[in-house]
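First comes the structure, then the notes that go with it.
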Amino acid sequence: MAGIIGADIVFGSKMPVNYQPLALQETDPFTLFNLDKEMVVLNDKPWNIEAKAHLLDEKVTSNKNMFIRNNGIPPENIDISKWTLTIDGESVQQKKTYTLSELKSKFKQYTYQLTIECGGNGRSEFNPPAKGNQWTVGAVSCASWTGVRLKDILDDVGIKDSAVYIGYHAADSHISRDPNKEPISRGVPMSKALQDETLVAFKMNGKDIPAAHGYPLRLVCGGWPASTSGKWLNGISVRNKEHDGAKMKAPAYRVPKNPVAPGEKVKDEDMKIIESMPVKSLITYPKSGAMIDLGKKLNIRGHAWAGELEVIKMEFSIDFGATWHTCTVEKPVNRLAWQHFNAAITFPEKGYYEVWARATDANNVAQPMLVPGWNPKGYLNNACHRIAVKVK
């Protein structure tokens, strides 16, 4: 079943003011980040770590099971009493700087569960292989984020009619340690920046954001590639053009405008920026390799999401996609949160099975059963997830 994302088939407190979050890249990541021991390290310079499917069974993703995607070296010796956020750019009425305490006291606070997925989640399934961290299925999360709306901050600053894009700036260092280089400085169009759910966040799951996820301040743009949700946020530029920061130019976080053959080279001008993520789902229970007695029902569950859209239908198949059966799927707790699904499966006879999951979004677009169109960077693989089951 090459080309379908699946797990391995094996049967059987409050931070102090001067917090030093990530001083040594060589430190054990499981201790450093308080991770579940089953998390998978893909890269250590910089750290990139993903979850296995069953670790994402929680309705709200906890820190220990949340994927880590870094482009540079996180800041050290953070002093939150001196942390500021500066809003500038060609399209602001005035440049303005806020302290962390001012952000918390001046603006109304909101809490949303927001789905964040790496644009390269599922990259390992592309053929020919695409360069980059070989994510399988675990570079996705849906935590609860608390902060202030970016649109409220921008309203306080004053935005010119020329504004078309925002770009974020952060306190992490380039992997080369060159102070003149930003490791990543991406952004979103004003329409996304001004959504109610686009937050400048300072809490995750009711506590200070963990160091690996952007402490003390993070931009959160749910439903779009995680690269738009800048960690360690200390600046936002309001632009009169498409933001041109680090990792904004092709081929980074872009896909071909038109379908291309596997392995084909694509010109930069023939690429487009990834915006809303595609419809996708994940079986989080049971683990792949489950065993069950004939005649007993297998209860499955998981999550589904569709970028800016809602998932309106969830199905499963136990015959490699020949027939599909409906799952129960819950409404999202708020816009841009993932949705939970479940189903009870009865198998007709003994033997080996694969349970596939397929979500359909509000535009009636369903997940493909195989890896979708190849692209040079291995982005947006939303093929059906599957688990192996043996009935005895």
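Is there a quick way to get the dipole size of the range 183-233? I mean about its Cα centre, with the Cβ of Lys and Arg at +1 and of Asp and Glu at -1; what is the value in debye to the nearest 20?
120 debye
Keeping every protein chain in place, order Tyr112, Tyr379 by accessible area at 1.4 Å, biggest value first, i.e. largest first.
The residues order as Tyr112, Tyr379, largest area first.
What does the charge count near Lys350 come to, summing +1 for each Lys or Arg and -1 for each Asp or Glu among other residues with Cβ under 11 Å from its Cβ?
Computed value for this residue: 0.
With a 1.4 Å probe and every protein chain left in place, tell me how much accessible area Asp208 has, in Å² to the nearest 10.
Per-residue accessible area (Asp208): approximately 40 Å².
Amide H to amide H, which residues 5 or more places from Glu310 or on other chains are under 5 Å from it, using H placed in the peptide plane?
Ala362
Charges at C-beta only: +1 for Lys and Arg, -1 for Asp and Glu. How large is the resulting dipole of the chain about its Cα centre, in Debye rounded to 20?
200 debye
Grab the other residues whose beta carbon is less than 11 angstrom from that of Leu233, score K and R as +1, D and E as -1, and report the net.
Charge balance near Leu233 sits at +1.
So what are the ³J(HN,Hα) numbers for the range 368-377, from phi and the Karplus equation (6.51, -1.76, 1.60; θ = phi - 60°), rounded to whole Hz, Gly and Pro as x?
x, 6, 10, 4, x, x, 4, 9, x, 9
HN-Hα J couplings of the range 33-48 from phi, Karplus 6.51/-1.76/1.60, θ = phi - 60°, integer Hz, Gly and Pro as x?
For the range 33-48, the Karplus curve yields 9, 6, 9, 4, 5, 8, 4, 10, 7, 9, 7, 10, 9, x, 5, 9 Hz.
As a check on your grasp of the helix formula, calculate [θ] at 222 nm for the chain: sum -39500 (n - 2.57) over DSSP H runs of n ≥ 4, divide by the residue count, round to the nearest 500.
My calculation for the chain gives -1500 deg cm²/dmol from helical runs alone.
Specify the inter-centroid distance of the range 279-329 and the range 152-170, based on alpha-carbon positions, in whole Å.
Going from one Cα centre to the other spans 41 Å.
What net charge is computed for the residues neighbouring Leu55, neighbours being all others with C-beta under 12 Å from the C-beta of Leu55, Lys and Arg scored +1, Asp and Glu -1?
Charge balance in the 12 Å sphere: -1.
Per-residue HN-Hα couplings for the range 202-211, Karplus 6.51 cos²θ - 1.76 cosθ + 1.60 at θ = phi - 60°, whole Hz, x for Gly and Pro?
After applying 6.51 cos²θ - 1.76 cosθ + 1.60, I find 10, 9, 10, 6, x, 10, 3, 4, x, 3 Hz.
Using alpha carbon coordinates only, what is the Rg to Rh ratio of the range 232-285, with Rh defined as the Kirkwood radius?
My calculation of the ratio gives 1.09.
Mind checking the log10 I(q)/I(0) for the range 66-116 at q = 0.19 Å⁻¹? Debye, one equal scatterer per Cα, no solvent, two decimals.
-1.06
The values are calculated or read from the model by the stated rules, or taken from the named source; none is laboratory data. Bear in mind the structure is a predicted one, so any value in this text is a computation, not a measurement. Note: ideal-geometry Cβ built from the backbone for every residue, glycine included; neighbour counts use all protein chains shown. These area figures cover heavy atoms from the full protein model, side chains too; ligands, DNA and RNA do not enter into them. Shrake-Rupley method; radii C 1.70, N 1.55, O 1.52, S 1.80 Å.
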